[in-house]
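The values are calculated or read from the model by the stated rules, or taken from the named source; none is laboratory data. These figures come from a predicted structure and were not determined experimentally. Here the Cβ positions follow ideal geometry from the backbone for every residue, glycine too, while neighbour counts run over all protein chains shown.
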């Protein structure tokens, strides 16, 4: 059976933790999809952030998530809203695995009845988050590819 994985994120900005997750998935899967959500957290567009990913991972499939729901959370209503949206984005793709380092991974996998693959949940291998980078991109620049650091707009 073909193994088809996917992940979701804002990649605001794309950092080494995201890269570790993507590289892990691409080693384990036959095919891998990356859903890039819109956001106003940073000024880089969905297309710009997707281009960062494409430069590093040309074999990954990119799905653009425009007009995504703004309601987040692990409560039943929020999960259903997000999953309804996400299900439409990946419709027709025979996904078998969901990759994340977040608690919502369990909800996504359960909803889609696929495998939940958690990668570096405790942020031990790559001790960074996009939030930390947005707070101080200069100090945390070592967690960004050079071209991402140069193009990153807060």
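Numbers for the structure displayed
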item	result
Test: residue in region 78-98 that is in contact with a strand residue (DSSP E or B) (Cβ under 7 Å, 6 or more places away or on another chain), part of a strand (DSSP E or B), modelled with pLDDT of 95 or more and surrounded by 16 or more Cβ atoms within 10 Å (Cβ to Cβ)	yes
Among (1) farther than 21 Å from residue 146 by Cβ; (2) surrounded by 18 or more Cβ atoms within 10 Å (Cβ to Cβ), the one test that residue 69 misses	(2)
Residue identified as outside any helix (DSSP H, G or I) and on the phi < 0 side of the Ramachandran plot among 122, 110	122
Selected residue [in a loop (DSSP other than H, G, I, E, B), closer than 22 Å to residue 95 by Cα, in contact with a strand residue (DSSP E or B) (Cβ under 9 Å, 6 or more places away or on another chain) and touching a residue at least 40 places away in the same chain (Cβ under 8 Å)] from 11, 6	11
Test: residue in region 22-32 that is surrounded by fewer than 20 Cβ atoms within 10 Å (Cβ to Cβ), in a strand (DSSP E or B), in contact (Cβ under 8 Å) with a residue 12 or more places away in the chain and over 15 Å from the mean Cα position of the chain (by Cα)	yes
